[in-house]
1. Please go through (1) of a type outside the set (D, E, K, R); (2) in contact with a Leu (Cβ under 6 Å, 6 or more places away or on another chain); (3) closer than 25 Å to Ser127 by Cβ for Trp48 and return the number of the only condition it doesn't satisfy.
2. Tell me whether segment 118-128 contains one or more residues that are assigned to a helix (DSSP H, G or I), more than 17 Å from the chain's Cα centre (by Cα) and of a type in the set (Gly, Ala, Ser).
3. Considering only residues of segment 1-36 that are among the hydrophobic types (A, V, I, L, M, F, W, C) and open to solvent by 100 Å² or more (accessible area, probe 1.4 Å), which is modelled with the highest pLDDT?
4. Looking only at segment 115-133, count every residue that is modelled with pLDDT of 90 or more and over 17 Å from Trp78 (Cβ atoms) and tell me the total.
5. Mind telling me which of the residues His92, His85 ends up being in contact with a helix residue (DSSP H, G or I) (Cβ under 7 Å, 6 or more places away or on another chain) and within 15 Å of Thr24 (Cα to Cα)?
6. Taking Leu128, is it without any contact (Cβ under 8 Å) to a residue 60 or more places away in the chain and surrounded by 12 or more Cβ atoms within 10 Å (Cβ to Cβ)?
7. When segment 14-61 is examined, which residues are found to be hydrophobic (A, V, I, L, M, F, W, C) and over 24 Å from the mean Cα position of the chain (by Cα)?
8. Of everything in segment 96-111, what is part of a helix (DSSP H, G or I) and either open to solvent by 60 Å² or more (accessible area, probe 1.4 Å) or at pLDDT below 85 (or both)? Give them in sequence order.
Amino acid sequence: MSGSEWTDPRPMSPHLQVWKWHWTMAASIFHRVTGVGNYIGAFLVSAWVIAIAAGPDAYGTVEGIMLHPVGQILLFFWLASVLFHLVNGIRHMLWDGPKAGFSPKAASGWSVFNFAISILAAATIWSLATNLF
């Protein structure tokens, strides 16, 4: 074995620098990220409900956090995360069921639509909620 060059005959997997980023890849990664964010948000909503049951002092503390500008930003991003995860889940159902939108151009278009509609819907819901209350 000494002095001989041994090479692995298996093909090498391309590195991230080789891949060209595209909308479908970004939507897939963001779908996983929003899934984690939704779990964290569900935990915070549970804490809010527990604070309601615990009494006015606990609720006042949680309300103060939620009404703080940082809390408002986090709530908006959580809303956008839930909406993106929902819309992207519908896209996956269309891929799995009727097998619609598998061409690269259609898949990229749906991915851009998912990002756009989740942000626009979150802004619309946020605007309506802040104007009503």
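The values are calculated or read from the model by the stated rules, or taken from the named source; none is laboratory data. Computed from a prediction, not measured in an experiment: that's the story for all the values here. Neighbour counts run over all protein chains shown; Cβ positions are idealised from the backbone, glycine included. SASA here: full protein model, heavy atoms, side chains in, ligands and nucleic acids out. Shrake-Rupley method; radii C 1.70, N 1.55, O 1.52, S 1.80 Å.
1. Going through (1) of a type outside the set (D, E, K, R); (2) in contact with a Leu (Cβ under 6 Å, 6 or more places away or on another chain); (3) closer than 25 Å to Ser127 by Cβ one by one, Trp48 breaks only (2).
2. yes
3. Checked segment 1-36; the qualifying residue modelled with the highest pLDDT is Trp23.
4. 1
5. Only one candidate passes the filter, namely His85.
6. no
7. Answer for segment 14-61, where residues must be hydrophobic (A, V, I, L, M, F, W, C) and over 24 Å from the mean Cα position of the chain (by Cα): Val18, Ile50, Ala51, Ile52, Ala53, Ala54, Ala58.
8. Within segment 96-111, the subset part of a helix (DSSP H, G or I) is 96, 104-111.
If the condition is that a residue be part of a helix (DSSP H, G or I) and either open to solvent by 60 Å² or more (accessible area, probe 1.4 Å) or at pLDDT below 85 (or both), then Asp96, Pro104, Lys105, Trp110 are the ones that fit.
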